[in-house]
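Bear in mind that the values in this text are calculations on the coordinates, not laboratory data. Because the structure is predicted, anything quoted here is derived from the model rather than measured. Here Cβ is always computed from backbone atoms with ideal geometry, including for glycine, and neighbour counts include all displayed protein chains.
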Amino acid sequence: MHPLRKQRLQLVILLVVATSLVVGLVLYMLRENGNFFYTPAEIIGGEAPRDVYLRAGGMVVDGSLQRAEDSLWVQFKVTDGIETLTVEYSGILPDLFAEGEAAIASGIVDDNLVLQASEILAKHDENYTPPEVADAMNEAYKQKQENKEGSL
Amino acid sequence: MTMYFANFDQLIAMGGHGVYVWSAFAVTVAAMLWLAVAPVIKHRALLNDIQRDSQRNRQRQRDSQRQDQNQQAGQSAAVSNATTDSPSNQSEEDF
Amino acid sequence: MNLFSDWTWFHRLGSPRWFYQNSGRWLPWLSVVTLVVLATGLVWGLAFAPADAKQGNSFRIIYIHVPASFLALAGYYIMAIAGAVGLIWKMKLSYMVMKSAAPIGAVLTFIALFTGAVWGKPTWGTYWVWDARITSMLILLFLYAGVMALQYAYHSVDAASKAGAILALVGTVNIPIIYKSVDWWYTLHQPATIKLTSAPSMHPDMFQPLLVMIAGFYLFYALVLILQTRNEILRRERNTSWVRELAAAKMTTNTIANEAKSE
């Protein structure tokens, strides 16, 4: 083949591949409205599909985290403020996973409406604070709570 | 203003996140250095190339002039055409 | 007719020769300022800014991740606007800027994606997820690559420039999607820390070095774009007498310097 035509052919192929990749990714992103996860309300309310692999995201409920003594099994609840979903998982949790923080669990929701997760991701917020400032803020918050309780 | 870390080792360790932080910064610095240095090198090469090109052209012009003179003098057979090489020159200039 | 004569200043501004000569005068200053600002921001962010209460020191990746992402997006607008100016006014310099902006934007997008992945592992627990923000950022990388590929797809410089400009303009659709993806959809990526309308959700001690780094990246972008555009000018104007004279003058000074060195 003429070298110039060969070069053009290669470029056409490259462009076709690139365009299909872009369109494919856009479609992939827009599937399910482009949302990365379902909220507990959507799952409990039946808006999310049952028996398929999905992601659920929400705030880990304070005091809901239970660990098994002899294995990596954990159970916790996530909430979106409307509904609460129980998650069970066996494995290592990310460093940033904590009660009161957001997390995303992926797995299958079983018949008891418990999400059997195979992966847990920690979702962090857009706020950045130095440790001392965070401690001071927590301290001030605690003080305020105590004062409130004292006045009751 | 004081450093956040107590010593150099702690700065390297980054509280256990050293691998992530330093690899991210190393790749970024390398990529940015390449972005800045590559065009400087290319600039020099381009100027070299252009200069060589125009010198070659001038040489060619001079040669053809000499050739004309020689032809007039009736000594055309002795002139080599070694300097009129590089036909690819033209296509490079198109780019 | 009046309308056209009023635009002559604009065309003079678009003269490659004028740009080459004037940018050459500013380059040394711009390089020094860029280096100083970037070095300051780097040391400040890495060693002096406090760690984050939750993320610890991994948060320091923000000092390259956010500036690189900013410039990857801003650079796309610069490329698209340069393409539009080229299409509308047939300005040669504008197309040269467009062609030069593409590889720079691609590298910055790559830096944003790479640092994001490395940051994701210790914070989210994964290097990569296909959420709306990260996917749309990957599309940006492909758009830059597409504009670059189109520059070599045509034999004629004019056709390549036009095709590149059209792709660049079509691709601008993606930029607001990237910006708003974290608000429109549930994503793993958190919403923006730096907002146009309200104060940043970041402590000033951490925010100040970030501002320095963003300024440094803007300077760096300008510097590299000028360097690349100057090369493109030499490539496309190599047959003009001013470029030939310039090359001859440069070579003479170099030869003299080399001879002095060897003696």
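Hey, got a sec? Which GluC sites (Glu not before Pro) in the range A:97-152 land in a DSSP loop and have at most 16 other Cβ atoms within 10 Å?
Here the GluC sites (Glu not before Pro) that fit, given the DSSP loop and packing criteria, are A:Glu99, A:Glu101, A:Glu126.
Under 10 Å, Cα contacts only: if you run a Gaussian network model on chain A, which one of A:Asp80, A:Asp62, A:Asp70 comes out with the highest mean-square fluctuation?
Looking only at A:Asp80, A:Asp62, A:Asp70, the biggest GNM fluctuation is shown by A:Asp70.
Do you know the relative contact order of the range C:61-258, to the nearest whole percent, from alpha carbon pairs under 8 angstrom that are 6+ apart?
26
Can you give me the Cα centroid spacing of the range C:81-148 and the range C:192-225 in angstrom?
18
Enumerate the residues in the range C:134-149 having an amide nitrogen under 18 Å from the point lying 7 Å beyond the Cα of A:Tyr28 toward its Cβ.
Under 18 Å, as judged by backbone N against the label point of A:Tyr28, lie C:134-146 of the range C:134-149.
Using a simple spin-label model with points 7 Å from Cα along the Cα→Cβ vector, what separation in nm is obtained for C:Tyr152 and B:Ala30?
Result: 2.2 nm between the two label points.
C:Phe48 label point, 7 Å along Cα→Cβ, cut-off 20 Å on backbone N: hits in the range C:184-224?
Correct set: C:202-220.
Whole Å is fine, so just give me how far the alpha carbon centre of the range A:65-98 lies from that of the range C:42-62.
Cα centroid of the range A:65-98 versus Cα centroid of the range C:42-62: 28 Å apart.
Using DSSP H assignments, which helices in chain C have an axial alpha-carbon span of 27 Å or above and a mean Kyte-Doolittle hydropathy of -0.5 or higher?
Membrane-span-like by this rule: C:16-43, C:62-89, C:92-123, C:132-153, C:204-236, C:241-262.
Taking other Cβ within 10 Å of each residue's Cβ, how do A:Lys142, C:Lys180, A:Lys123 sort, fewest first?
A:Lys142, C:Lys180, A:Lys123
Okay, helix-only estimate at 222 nm for the protein assembly as shown: each DSSP H run of n ≥ 4 adds -39500 (n - 2.57), divide by all residues, round to 500 deg cm²/dmol; what do you get?
-22000 deg cm²/dmol
How many Cβ atoms of partner chains, on average, are near each residue of C:115-128 if near means within 10 Å of its Cβ?
Partner-chain Cβ atoms within 10 Å, mean over residues of C:115-128: 6.
Show me the ranking of peptides C:68-80, B:28-40, C:46-58 by mean Cβ neighbours inside 10 Å, starting with the highest.
C:68-80, C:46-58, B:28-40
Can you tell me which of A:Leu15, A:Leu115, A:Leu85 moves the most in a GNM of chain A? Springs connect C-alpha atoms under 10 Å apart.
A:Leu15
Determine the shielding of peptide C:141-151 by partner chains: average, over its residues, the number of Cβ atoms on other chains within 10 angstrom of each Cβ.
2
Give me the distance in nm between label points sitting 7 Å out from Cα along the Cα-to-Cβ direction at C:Leu30 and C:Trp184, one decimal.
3.4
Roughly how crowded by other chains is peptide C:63-72, in terms of the mean Cβ count from those chains within 10 Å of each of its Cβ atoms?
Whole-number average of other-chain Cβ neighbours for C:63-72 is 2.
Tell me the angle of helix A:3-30 to the major Cα principal axis of chain A, expressed in degrees between 0 and 90 and rounded to the nearest ten.
The angle comes out near 30 degrees.
What FRET efficiency, computed as 1/(1 + (r/R0)^6) with R0 = 45 Å and r the Cβ-Cβ distance, is obtained for B:Ala73 and C:Thr172, rounded to the nearest 0.05?
Using R0 = 45 Å, I get an efficiency of 0.10.
Quick one: if you stick a label point 7 Å off each Cα along the C-beta vector at C:Ala222 and C:Thr252, how many nm between them?
Between C:Ala222 and C:Thr252, the simple spin-label model gives 3.4 nm.
Hey, what's the Kirkwood Rh for chain C if you take every pair of different alpha carbons, in angstrom?
Roughly 20.7 Å, rounded to one decimal.
Springs between alpha-carbon atoms under 10 Å, Gaussian network over chain C: tell me which of C:Thr229, C:Thr187, C:Thr115 tops the mean-square fluctuations.
Looking only at C:Thr229, C:Thr187, C:Thr115, the biggest GNM fluctuation is shown by C:Thr187.
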